[in-house]
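Taking it in order: structure first as structure tokens, then the write-up.
The values are calculated or read from the model by the stated rules, or taken from the named source; none is laboratory data. Only a predicted model underlies this, so the values are computations on that prediction, with no experimental measurement involved. All Cβ positions, glycine included, derive from the backbone under ideal geometry; neighbour counts span all protein chains shown.
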Amino acid sequence: MSDDIKILNYDMPTNRVYIVPIGDMHIGLKEFEVDKFLKYRSWILANENAYVTLMGDIFETPISRVRTQDEPITPSGMTVPETVDFAYELFMPMRDRLIGVVEGNHELRSSMMTGGDALGTLMERMGLMEVYDHDTILLQIKVGDVVYRDMIQHGWGGARRTGGQVNKMEEMSNVVGDADIYCTGHEHTLFMSRWDKDVARSGTVVELRQVYVGCGCYCKLTRFQKRIARRKPNIGSPRIRLNGSKRDVHVSI
């Protein structure tokens with residue numbers, strides 16, 4: 001495995017695990033659906049076997065003269081440091097459930113232009129820098145007798161139709177070819193695609209089911225999206241269930 005990809009290993013204490021990818025919250029926009037997020041957070045906290053990956057674009061981090069930006073400061077009236085304070089309050093109750101965090105393009109554009117990394121600042125404040133990466137994380141999650149591989153990345157480019165979004169995601173298997181799960185955000189869309197393939201493991205050939213998961217968002221249609229005639233976003237997160245008795249991935253969207 002390339003050293004360019006951050007790998008995190010987990011040995012879960014239960015025989016069934018849920019992974020809930022959360023991303024594209026865009027904290028700082030008026031369109032951030034905080035009530036919807038809190039409902040998901042309540043479900044996660046009520047289930048001890050539920051864990052979270054953060055998929056990037058947690059913050060809007062506005063930059064003047066960027067075509068997607070309508071105002072030079074957050075439309076909610078908060079400064080970027082204030083949005084970090086707000087996010088800290090939102091995520092600290094489930095700090096111990098966060099198992100992987102990747103940067104989004106909104107955080108990236110700000111860090112490239114100003115040197116300020118809002119998501120990195122949040123992770124440092126929460127004491128979670130070991131689970132944070134700017135690009136890609138491969139999670140190796142042992143549930144019972146089964147080790148699952150979950151590749152997470154924010155996503156890239158633009159695709160209006162679901163087919164185009166799925167096609168982009170399938171490119172991820174050219175980077176890590178034998179993951180069970182590939183997750184991205186970015187498109188504000190919930191979807192799941194499945195492929196079955198044969199792979200060589202331990203001197204034999206086994207059939208591997210691979211799922212590609214679009215991870216939704218927590219941000220209503222913005223002014224910029226209206227101007228370019230984007231369809232309404234899918235609010236919420238998928239729930240990915242991992243079985244410890246046999247290799248079985250189930251995705252609920």
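Observations, loosely collected:
- Residue that is modelled with pLDDT under 80, touching a His at 6+ places or on another chain (Cβ under 9 Å), among the charged types (D, E, K, R) and more than 26 Å from LEU45 (Cβ to Cβ), where the choices are ARG230, ARG223, ARG161: ARG230
- Check on THR74, more than 18 Å from the chain's Cα centre (by Cα), of a type outside the set (Asp, Glu), modelled with pLDDT under 80 and surrounded by 19 or more Cβ atoms within 10 Å (Cβ to Cβ): yes
- For region 158-200, taking the residues that are touching a helix residue (DSSP H, G or I) at 6+ places or on another chain (Cβ under 6 Å) and not polar (S, T, N, Q), the one that is nearest to ASN9 (Cα to Cα) is identified as TYR182.
- Test: residue in region 128-148 that is more than 17 Å from the chain's Cα centre (by Cα), surrounded by fewer than 12 Cβ atoms within 10 Å (Cβ to Cβ) and touching a residue at least 24 places away in the same chain (Cβ under 8 Å): yes
- Every listed requirement among (1) out of contact with any Leu (no Cβ under 6 Å at 6 or more places or on another chain); (2) of a type in the set (D, E, K, R); (3) farther than 28 Å from LYS6 by Cβ is met by LYS232 save one, (1).
- For region 26-57, a residue qualifies if it is aliphatic (A, V, I, L, M) and modelled with pLDDT of 95 or more, and the qualifying residues are VAL34, LEU38, ILE44, LEU45, ALA46, ALA50, VAL52, LEU54, MET55.
- TYR88 in contact with a Lys or Arg (Cβ under 8 Å, 6 or more places away or on another chain), assigned to a helix (DSSP H, G or I) and modelled with pLDDT of 90 or more: yes
- Any hit, region 218-232, residues being hydrophobic (A, V, I, L, M, F, W, C), on the phi > 0 side of the Ramachandran plot and over 21 Å from the mean Cα position of the chain (by Cα): yes
- Positions within region 116-152 being assigned to a strand (DSSP E or B) and either charged (D, E, K, R) or at pLDDT below 90 (or both), in sequence order: ASP133, LYS142, ARG149, ASP150
- Applying a threshold of 7 Å to beta carbon distances and a minimum spacing of six or more residues, or different chains, the list of pairs starting in region 235-253 at a residue that is farther than 28 Å from TYR218 by Cα and ending at one that is part of a strand (DSSP E or B) and not hydrophobic (A, V, I, L, M, F, W, C) reads GLY244/ARG16.
- Residue in region 97-112 that is under 17 Å from the mean Cα position of the chain (by Cα), assigned to a helix (DSSP H, G or I), closer than 21 Å to PRO238 by Cα and at pLDDT 90 or above present: yes
- Test: residue in region 28-38 that is among the basic types (Lys, Arg), exposed (fewer than 15 other Cβ atoms within 10 Å of the Cβ) and in a helix (DSSP H, G or I): no
- Region 39-65, subset farther than 30 Å from LYS142 by Cα and without any contact (Cβ under 8 Å) to a residue 12 or more places away in the chain, residue surrounded by the most Cβ atoms within 10 Å (Cβ to Cβ): SER64
- Candidates ILE5, ILE63: the one that is of a type outside the set (S, T, N, Q) and at pLDDT below 90 is ILE63.
- Qualifying residues in region 225-244 (those that are of a type in the set (D, E, K, R) and more than 19 Å from GLY163 (Cβ to Cβ)) - the one surrounded by the most Cβ atoms within 10 Å (Cβ to Cβ): ARG239
- Applying the criterion of at least 3 residues that are surrounded by 19 or more Cβ atoms within 10 Å (Cβ to Cβ) and not β-branched (Val, Ile, Thr) to the strands (runs of 3 or more DSSP E) found wholly in region 153-224 leaves 204-215.
- Cβ pairs under 8 Å, 6+ apart, first in region 199-228 and among the aromatic types (Phe, Trp, Tyr), second modelled with pLDDT under 80 and assigned to a loop (DSSP other than H, G, I, E, B): PHE224/ARG67; PHE224/THR68; PHE224/GLN69; PHE224/ASP70
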